[in-house]
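Here's the structure we're looking at; comments come further down.
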């Protein structure tokens with residue numbers, strides 16, 4: 001159980017392209033999904049918290065107009081990197097937490113990650 | 001001071017060794033605790049939850065000490081496949097739910 005699917009797993013595209021990444025919870029409903037970015041040999045960095053049916057909450061220093069998040073259903077959140085540039089190249093990972101009780105005691109389950117390379 | 005602190009390592013141990021990782025957290029509002037494992041260029045995977053009563057899963061034992069705000073992970077009889085980064089993760093409620101990840105402890109198990 002608790003499977004999170006992330007797609008695509010790898011993207012290579014030209015500078016200026018917008019890239020959309022999907023995160024799906026396959027066997028559970030997720031009111032909350034999280035988007036992280038990780039640079040080589042560094043820790044996970046939380047970018048934003050995505051809540052179903054409401055606006056995402058962005059961490060300090062993350063541009064909401066650059067990283068568009070949509071969480072339209074209990075099983076799907078999308079992250080769109082708009083007009084991507086080489087400095088946006090990174091490993092993007094989503095995670096989801098179940099809806100069992102409105103408490104924080106559930107662990108997060110991660111998608112496989114998306115490796116984004118902007119040329 | 002970081003909210004969740006771990007020894008970054010790396011820990012270099014031979015196969016069969018017992019290795020222990022420690023993690024401290026600073027916020028007493030922390031409610032639930034987990035250890036994750038992350039392999040190179042992969043996503044983190046949940047290893048186990050951590051309870052005050054202790055939690056054992058095969059060669060892995062996790063322990064929580066709320067009074068000291070300290071979490072541990074013990075790996076017995078280390079295997080080559082245990083080589084990874086181990087992340088200490090804390091969920092807390094500080095007026096809103098928040099999950100804090102430790103920076104991770106790198107483990108190398110060598111033949």
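Laboratory data are not the source of any read-out in this text; all were calculated from the coordinates shown. Just so we're clear, the structure is a prediction, and the values are computed from it rather than from any experiment. Every residue, glycine among them, receives a Cβ derived from its backbone with ideal geometry; neighbour counts consider all protein chains shown.
Evaluate peptide A:110-117: per residue, the Cβ atoms of other protein chains within 10 Å of its Cβ; return the mean as an integer.
Average neighbour count from other chains, rounded to a whole number: 2.
Can you give me the relative contact order of chain A as a percent, contacts being Cα pairs under 8 Å and 6 or more apart?
Relative contact order of chain A: 36 percent.
Taking each residue of B:30-43 in turn, how many C-beta atoms of other protein chains fall within 10 Å of its C-beta, and what is the average?
Counting other chains' Cβ atoms within 10 Å and averaging over B:30-43 gives 4.
With springs connecting C-alpha atoms under 10 Å apart, model chain A as a Gaussian network and identify which of A:73, A:18, A:43 has the largest mean-square fluctuation.
A:43
Relative to 2.2 N^0.38 Å, what does the C-alpha radius of gyration of the range B:65-111 come to as a ratio? Two decimals please.
In units of the 2.2 N^0.38 Å rule of thumb, it is 1.50.
Give the order of A:39, B:60, B:21 when sorted by the count of other beta carbons within 10 angstrom, beginning with the fewest.
If I rank by nearby Cβ atoms, fewest first, I get A:39, B:60, B:21.
Taking the Kirkwood radius as the inverse of the mean 1/r across Cα pairs, report the Rg/Rh of the protein assembly as shown.
Computed over Cα atoms, the ratio is 0.97.
Using a 7 Å offset from the Cα along the Cα-to-Cβ direction at both residue A:119 and residue A:10, what is the distance between the two label points in nm, to one decimal?
The two pseudo-label positions are separated by 1.4 nm.
More than 15 angstrom separation, counting every C-alpha pair in the range B:27-76; what % is that?
Beyond 15 Å sits 47 percent of the P(r) for the range B:27-76.
When only C-alpha pairs under 8 Å and at least 6 residues apart count, what is the relative contact order of chain B, in percent?
37 percent
Dividing the Cα convex hull volume of chain A by residue count, how many Å³ per residue is that?
Given the Cα convex hull of chain A, per-residue volume reads 101 Å³.
How are the C-alpha pair distances of chain B spread across 5 Å bins, as whole percents from the shortest bin up?
2, 13, 24, 25, 19, 10, 5, 2, 0, 0
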